[in-house]
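J.: The structure's right below; bear with me while I get my questions together.
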Amino acid sequence: MKTGSTKQGPAVILGLESSCDETAAAVVRGGNELLSSVVASQFATHAPYGGVVPELASREHLRSIVPVTRAALREAGLDYASVDAIAVTRGPGLAGALLTGVSFAKSLAWALEKPLIGVNHIEGHIHAVLLEQARAGGRELQFPVLALVVSGGHTHLFQVERQGTSWRYADIGHTRDDAAGEAFDKTAKLLGLGYPGGPAIERAAQSGNSKAVPFTFAQLKHRARQESKRAGRMQEGRPRFDFSYSGIKTAVLRYVETHRMDATIAVHRRGLMEIAEPSAEDYRARCSRQTLDLAASFQAAMVGDLTQRALAACEEYGAQTLLVTGGVAANRALRDSLQQRAPESGVQVLFPGRAMSTDNAAMIAAAAYPKWIAEEFAGWELTAEADLPLR
Ligand code: KG4
Ligand code: ZN
């Protein structure tokens, strides 16, 4: 088991994910061979509310987890008995949503007499990049490595270290208030563009002028003391690279109010709600120029801030590689901005494919593989932890 192999070959891990608004199951062999990945999105359930409703999310996970798991096994050509371990997201995320996945995984592991592996969702996002790199036959990872995890619930910069077959993470910056994806979601809701907000803003922004409204961000500067002690790492005295995205949301709100945009927003909000997944053309046809410009300016400001802070951290840490992952990493403008600017800092930027950027279970199964090798198995006391930190 220490080699990561079973009698039949490399370990086959069934991954389960239910931390937010996607129920997902996937099968990965040997940590890097994707056999199947099935994601049931709850967008339609939450769209009328413009954000995730936790109670509805739990109910949808309960409905979907068994059929999604069966579909993942079917797609992989396997049955329950032929997997070697069950891996599940144990946090961070919505408590009730997480609990559905954790309880189901525990029942499966118990009934099948297979090892159970608990995975941190953020670690999963980081392993989504490594999984896709390995699948693409990418070259060996060049250290030092930093990871920017940008999603609806998290905006984090980590220093990533490999110790033998295990991985360790030191928090070198995170958001002090809203996550980047949360800012996209709240701004899209405010502008009547729909849910989830990231893809909506991205499509609307295509027809807007990104220079129309200049947004600025606060300078956040302080040195690492408390955090480095907590992480037990060697960052004492180094600057931190924290983020703050609640201010830009308020700035958009103020712009909407002072320019009296409410009435025009109400009109296109109603129009767009009739379309299941509005295209860039739908946004162009239905939204006012002012709304399109505001969406484009907001996106450009977010992309500029994320790019600047991530690359400043890379310079401070002498990083050779920057992994960028989480739902917001699906954003084309962010990808282009980092790809264009990273070479100046001598950094190679790696992203997962766009589908693998948002929540999925393949990343959970991939992140579980080093734990399988190290025999880091969970006991029956495994529970969901809404605020689970990554170390
Ligand atoms: O990783 P994820 O699926 O779930 C969490 O762990 O939170 O990320 C979802 C977030 C949402 O806030 C969504 O609006 C954002 O990622 N997102 C995007 C894009 N696609 C998803 N943000 C900007 N541009 C996108 N194309
Ligand atoms: Zn996520």
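J.: Considering only region 69-175, give the strands (runs of 3 or more DSSP E) lying wholly within it that have at least 1 residues that are modelled with pLDDT under 95 and over 18 Å from the mean Cα position of the chain (by Cα).
T.: Details: elements: 85-91, 116-120, 145-150, 155-163, 166-174.
Output list reads 155-163, 166-174.
J.: Now a separate question. Return yes or no: is residue 37 among the small types (Gly, Ala, Ser), touching a Gly at 6+ places or on another chain (Cβ under 6 Å), under 22 Å from residue 128 (Cβ atoms) and in contact (Cβ under 8 Å) with a residue 60 or more places away in the chain? Steps first, please.
T.: On the way: among the small types (Gly, Ala, Ser): yes; touching a Gly at 6+ places or on another chain (Cβ under 6 Å): no; under 22 Å from residue 128 (Cβ atoms): yes; in contact (Cβ under 8 Å) with a residue 60 or more places away in the chain: yes.
When the stated conditions are applied, residue 37 does not pass them.
J.: Restricting attention to region 19-60, which residues are within 15 Å of residue 124 (Cβ to Cβ), within 15 Å of ligand 2 (Cβ to nearest atom) and of a type in the set (S, T, N, Q)?
T.: Within region 19-60, 19, 23, 37 meet the criteria.
J.: OK, next. Return only the number of the condition from (1) modelled with pLDDT of 95 or more; (2) out of contact with any helix residue (DSSP H, G or I) (no Cβ under 8 Å at 6 or more places or on another chain) that residue 367 does not satisfy.
T.: All conditions pass for residue 367, except number (2).
J.: I'd like the full set of residues that are within 15 Å of residue 184 (Cβ to Cβ) and either basic (Lys, Arg) or surrounded by fewer than 21 Cβ atoms within 10 Å (Cβ to Cβ) (or both), limited to region 275-323.
T.: Answer for region 275-323, where residues must be within 15 Å of residue 184 (Cβ to Cβ) and either basic (Lys, Arg) or surrounded by fewer than 21 Cβ atoms within 10 Å (Cβ to Cβ) (or both): 304, 305.
J.: Kindly provide the set of residues from region 116-141 that are open to solvent by 20 Å² or more (accessible area, probe 1.4 Å) and within 16 Å of ligand 2 (Cβ to nearest atom), ordered by number.
T.: 130, 132
J.: Take residue 366 and tell me if it is assigned to a helix (DSSP H, G or I) and surrounded by 22 or more Cβ atoms within 10 Å (Cβ to Cβ).
T.: yes
J.: On to the next question. Test each condition in (1) away from ligand 1 (no atom under 16 Å from the Cβ); (2) crowded, with 19+ Cβ neighbours inside 10 Å for residue 144 and report the one that comes out false.
T.: (2)
J.: Sticking with this structure for a sec: Surrounded by fewer than 21 Cβ atoms within 10 Å (Cβ to Cβ), at pLDDT 95 or above, within 15 Å of the chain's Cα centre (by Cα) and part of a helix (DSSP H, G or I): is that true of residue 335 in this structure?
T.: Judged against the criteria, residue 335 is a match.
J.: Go through region 336-352 and give me each residue that's touching a residue at least 40 places away in the same chain (Cβ under 8 Å) and more than 15 Å from ligand 2 (Cβ to nearest atom).
T.: 348, 350
J.: Could I ask something else about it? Out of the residues in region 96-105 that are more than 15 Å from ligand 1 (Cβ to nearest atom) and out of contact with any strand residue (DSSP E or B) (no Cβ under 6 Å at 6 or more places or on another chain), which is least open to solvent (accessible area, probe 1.4 Å)?
T.: Restricting to residues being more than 15 Å from ligand 1 (Cβ to nearest atom) and out of contact with any strand residue (DSSP E or B) (no Cβ under 6 Å at 6 or more places or on another chain), the top hit is 100.
J.: Then there's this: Do you know which residues across region 106-131 are touching a residue at least 40 places away in the same chain (Cβ under 8 Å), over 10 Å from residue 364 (Cβ atoms) and among the charged types (D, E, K, R)?
T.: The answer is 106, and nothing else.
J.: Looking at (1) open to solvent by 40 Å² or more (accessible area, probe 1.4 Å); (2) in a helix (DSSP H, G or I); (3) at pLDDT below 95, find the lone condition where residue 234 falls short.
T.: So the condition that residue 234 fails would be (2).
J.: Counting only residues that are modelled with pLDDT of 95 or more, open to solvent by 20 Å² or more (accessible area, probe 1.4 Å) and β-branched (Val, Ile, Thr), which one in region 1-40 is farthest from residue 62 (Cα to Cα)?
T.: Filtering first and then ranking leaves 38.
J.: What's the number of the only condition in (1) open to solvent by less than 10 Å² (accessible area, probe 1.4 Å); (2) assigned to a helix (DSSP H, G or I); (3) within 16 Å of ligand 2 (Cβ to nearest atom) that residue 328 fails to meet?
T.: (1)
The values are calculated or read from the model by the stated rules, or taken from the named source; none is laboratory data. Only a predicted model underlies this, so the values are computations on that prediction, with no experimental measurement involved. When we count neighbours, we look across all protein chains shown, and the Cβ atoms used for this are built from the backbone with ideal geometry, even at glycine. The accessibility values were calculated without ligands, DNA or RNA, using every heavy atom of the protein model including side chains. Shrake-Rupley method; radii C 1.70, N 1.55, O 1.52, S 1.80 Å.
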